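Peer 1: This structure is in structure tokens; I'll ask about it shortly.
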Amino acid sequence: MHHEGAPTTANHPTLTAAGAMAAIDAAWHKSLELGVPVNISVCDVGGNELAFLRPDGAPFMSGGIARDKAYSVVAFNGLPTGAWHRIFKDDEPVWHGIVHRDRLVVFGGGVPVYVDGALVGAVGCSGGSAEQDTQVATAGAEAVGTTSA
């Protein structure tokens, strides 16, 4: 066999419920500061939602978008949703093909959460502009860790 000696298990750090709640709280307070009610979703490193908040006034449809933003980040190993256009805009086959993937969001508002250099989850926000969503998500991520490795 060609995989002799390869590890058969892995141990990865991930966000906990307490970390998710801290991120939700910080993100919500940032949205209040900005005066923009946005949906906030926090997922673990496997893309499983740990916490969700739809504050008063946040658009219903944006709830699913917030969830998909958080999922998109961990599904692509920490790539913020706002980075997609910059990275792939000149690669038309990829750009026009990838946007049809289920749950992929390619505009701002999804950011990774890193702790000690390891990707542990993500925060996704939706309901404001891409810039506002990113500011709110970043506040949530920074309550637990950092947004870069």
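Peer 1: Once you charge only the Cβ atoms, +1 for Lys and Arg and -1 for Asp and Glu, what is the size of the charge dipole of the chain about its Cα centre, to the nearest 20 debye? Before the final figure, lay out each step's value.
Peer 2: Working: 8 positive and 15 negative charges, 37 e Å.
The calculated dipole for the chain is roughly 180 debye.
Peer 1: Let's test the formula: R0 of 25 Å, r as the Cβ-Cβ distance of residue 77 and residue 17. What FRET efficiency results, to the nearest 0.05? Spell out each step's value before the answer.
Peer 2: Numbers: r = 23 Å, r/R0 = 0.92.
Plugging the Cβ-Cβ distance into 1/(1 + (r/R0)^6) gives 0.60.
Peer 1: Within region 47-149, what whole-number % of the accessible surface is contributed by carbon and sulfur, with the 1.4 Å probe and all protein chains included in the calculation? Write out the running numbers ahead of the final one.
Peer 2: Values: 2630 of 5180 Å².
Its accessible area is 51 percent carbon and sulfur atoms.
Peer 1: Might you tell me the accessible area per residue for region 1-93, computed with a 1.4 Å probe and given in Å²? Working shown, then result.
Peer 2: On the way: 5670 Å² over 93 residues.
Averaged over the residues of region 1-93, the accessible area is 61 Å².
Peer 1: On to the next question. If packing is taken as the mean number of other Cβ atoms within 10 Å per residue, what is the order of 58-69, 110-121, highest first? Write out the running numbers ahead of the final one.
Peer 2: Working: 58-69: 20.0, 110-121: 22.3.
Output ranking for 58-69, 110-121: 110-121, 58-69.
Peer 1: Simple spin-label model, 7 Å along Cα-to-Cβ: residue 107 to residue 87 in nm?
Peer 2: Here the answer is 1.9 nm between the modelled labels.
Peer 1: Dipole of region 5-79, Cα-centred, from +1 at each Lys and Arg C-beta and -1 at each Asp and Glu C-beta, to the nearest 20 debye?
Peer 2: Using only the charged Cβ atoms, the result is roughly 100 debye.
Peer 1: Starting from the Kirkwood Rh over alpha-carbon pairs, what translational D in µm² s⁻¹ does the chain have by Stokes-Einstein at 4 °C and 1.567 mPa s?
Peer 2: Numbers: Rh = 15.3 Å.
For these conditions, the coefficient is 85 µm²/s.
Peer 1: For region 99-149, what is the accessible area per residue in Å², given a 1.4 Å probe and the full set of protein chains? Write down the numbers at each step before the final one.
Peer 2: Numbers: 2170 Å² over 51 residues.
Result: 43 Å² per residue.
Peer 1: Put +1 on the Cβ of every Lys and Arg and -1 on every Asp and Glu Cβ in region 50-119; which of 79, 53, 100 then has its Cα farthest towards the positive end of the dipole?
Peer 2: The one lying farthest along the dipole's positive direction is 53.
Peer 1: Answer rounded, prolate or oblate for region 26-102, using the Cα gyration tensor with square roots of eigenvalues a ≥ b ≥ c: rounded when a/c is under 1.5, else prolate when a/b is larger than b/c, else oblate.
Peer 2: Values: a/c = 2.21, a/b = 1.78, b/c = 1.24.
Taking the square roots of the gyration eigenvalues as a ≥ b ≥ c, region 26-102 is prolate.
Peer 1: Here is a follow-up. If packing is taken as the average number of other Cβ atoms within 10 Å across a peptide's residues, how do 86-93, 44-51, 100-107 rank, most packed first? Don't jump to the answer; show the numbers that get you there.
Peer 2: Values: 86-93: 10.5, 44-51: 17.5, 100-107: 14.0.
Descending mean neighbour count gives 44-51, 100-107, 86-93.
The values are calculated or read from the model by the stated rules, or taken from the named source; none is laboratory data. All figures in this text were calculated on a predicted structure; none of them were measured in a lab. Glycine gets a Cβ as well: all are built from the backbone with ideal geometry, and neighbour counts include every protein chain shown. We work out accessible area using only protein heavy atoms, side chains counted, and drop any ligands, DNA or RNA first. Shrake-Rupley method; radii C 1.70, N 1.55, O 1.52, S 1.80 Å.
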